Amino acid sequence: MTEDKNIPLLDCPKDYLIGDASGKIMNEYGRFPCKIKCGVYALMVRGEARATINITKYHFQENDLLLLEPGSFLLIHEFSEDALVYYILFSSSFLEKNTFSMRMSISSLQSQQPLLHLQPDVAAVTAHFLDTLVEASNCQPSMLSTPKMIHVFNLFQTAYTELAHDTLQTETRPLDRKNEIFQEYCQLVMKHYHEWHHVSQYADAMRLTLPHLSSTIKQVAQKTAGDLIIEAILTDAKAQLRLTTLQIKEIAISLGFENVAFFNRFFKSHTGLTPKAYRLASL
């Protein structure tokens, strides 16, 4: 993939984009978190990488398939130099114009299993298919079009759903209650962090006592429940400060702070910089 076709950080500039990216190019996106507006499918063809999706850290290896739904937060930590990734991006406008029933059925699976490890033969077929799409897209004129990509989208959604179901059904051990609570808590945090800043609000929603929820999250994540809320708020705040021209007051309000002073104190206490200073340092 050439430098002028780097993966967009927020949205796809057209209905779809197909290509490949090296570890060197992907590391260019590790400087700050971003919120993904488009839908992303990515296959790790070789190498490895580490990244945070929403508030969970993942280790990507060869033959891993990733699905990022619109609204996901992504922070790339590191890609190995030999890494190679094939990807398909579907823009937010493409997804809005072409609503599919599969999008609804996949949401809960994606939250549990955004990263699937494919068997070598399945990964090889997937890589070959993506490589063929890259060639078709690069033809002059392109052999692809938005109507054709609707079928590709449906194909990937169906295949991902089946693979995710198979993976979840063949887990070597069932998910224990502590991990169930952790997953439910993370899903609620990503849904409500912009309005619920206190762990007690999540405990009430989950019908758990505050001590039970707090101790469970600490055991599973090695972090406090409050830390995960803070991470979600900071990830969103940094993305908005870095990638938008919104006023700091507007960002504060969008994240549930009563006034900009509270937001400034919160941000500086956790980053060492005021929101304004962070924005200037990111330029």
Are any of the residues in the stretch 206-214 among the polar types (S, T, N, Q) and surrounded by 14 or more Cβ atoms within 10 Å (Cβ to Cβ)?
yes
Search result, residues across the stretch 140-179 that are modelled with pLDDT of 90 or more and assigned to a loop (DSSP other than H, G, I, E, B)
Met143, Leu144, Ser145
Restrict the check to the stretch 261-269 and report whether at least one residue is in contact (Cβ under 8 Å) with a residue 24 or more places away in the chain, exposed (fewer than 15 other Cβ atoms within 10 Å of the Cβ) and not assigned by TED's automatic domain parsing to the domain that holds Cys34.
no
Which one of these is hydrophobic (A, V, I, L, M, F, W, C), over 27 Å from Leu144 (Cα atoms) and modelled with pLDDT of 90 or more: Ala49, Ala42?
Ala49
Check whether at least one residue in the stretch 56-68 is over 18 Å from Leu118 (Cβ atoms) and part of a strand (DSSP E or B), and report yes or no.
yes
When residues of the stretch 127-163 are filtered for being under 21 Å from the mean Cα position of the chain (by Cα) and polar (S, T, N, Q), how many remain?
4
Among the residues of the stretch 51-62 satisfying the criterion of being in contact with a Lys or Arg (Cβ under 9 Å, 6 or more places away or on another chain) and of a type outside the set (A, V, I, L, M, F, W, C), which is surrounded by the most Cβ atoms within 10 Å (Cβ to Cβ)?
Glu62
Taking the stretch 231-260 as the search range and keeping residues that are basic (Lys, Arg) and either buried (at least 21 other Cβ atoms within 10 Å of the Cβ) or over 26 Å from Gln187 (Cβ atoms) (or both), which one is farthest from the chain's Cα centre (by Cα)?
Lys249
Which one is nearest to Val125 (Cα to Cα) among residues in the stretch 23-50 that are over 18 Å from the mean Cα position of the chain (by Cα) and surrounded by fewer than 17 Cβ atoms within 10 Å (Cβ to Cβ)?
Arg46
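The values are calculated or read from the model by the stated rules, or taken from the named source; none is laboratory data. What you are looking at is a predicted structure, and each value in this text was computed from that prediction instead of being measured. Every residue, glycine among them, receives a Cβ derived from its backbone with ideal geometry; neighbour counts consider all protein chains shown.
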